[in-house]
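Single-structure report; data block below.
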Amino acid sequence: MNTQSRRFSLPFALFVVALLLLTSACSIFTPHPERVSQVVEVTIDEQLFLNSQPSFKVHNHDFWEDLDVDVDRMELHDGFIRFLGTQRQADGSLEDCVIDVALGAEDGMLTASVISLDVPDMRLTDPIVVSINRDLDATLTLSTYSAGTGIRFQEVEVTEDALRLKILVSFSFWALN
């Protein structure tokens, strides 16, 4: 009987030793938050835009519908993006339209605004255009802000051949010492 009790005490002793090692290791390797940040540079060549159907949607709100313009192509220019399309007139004819949108980065947020347009009977000061710019500002602010998100737009550059974005991406995780 004594040999049986020794057999049961050896596994029990090994269990206790393993438990002590585990608890001491946990106190040495205390989890703590770590934050990692990396700047990511993205370049989108104009060729990628040429064969696409351009839209200006944010959260399923198509801003061109507000102007009643059917945009069918876009071009990159130094400092802005030009959207080209047509608007159907009351007599059924189509009138060419041009809308220039500037993109930028401010306080870590992506910014966009209509800076010029050639749309029949429309000016930058018209309430529809003012409302679009206000909605773009509010919508982009909401879409890029999140308490747990670490995405900050540092630079946005539009040239005739490419759209360049410099974005600081940060994320947090729990690490052990």
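Coordinate-derived values only; no laboratory data. Note that the coordinates shown come from a computational prediction; the quantities given were computed from them, not determined experimentally. Cβ coordinates were reconstructed from backbone atoms using ideal geometry, including for glycine residues, and neighbour counts include every protein chain displayed.
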For Ile151, distant residues with modelled amide H under 5 Å away: Ser170
Stretchable slack from Asn133 to Glu34, in nm (0.36 nm times residue separation minus alpha-carbon distance): 31.8 nm
Ile44 versus Ala90: modelled label distance in nm, points set 7 Å from Cα along the beta carbon direction: 3.8 nm
Paramagnetic reach from Ser116 (point 7 Å along Cα→Cβ, amide N under 17 Å) across region 59-94: 74-85
9 Å beta-carbon shell around Glu46, net charge (K/R +1, D/E -1): -4
Potential extension, Asp72-Ser170 segment - 0.36 nm per residue separation minus Cα distance: 31.7 nm
Ascending count of other beta-carbon atoms within 10 Å, so fewest first, for Asp100, Asp70: Asp70, Asp100
Amide H contacts of Ala105 (H built 1.01 Å from N, under 5 Å, at least 5 apart or other chain): Thr111, Val156
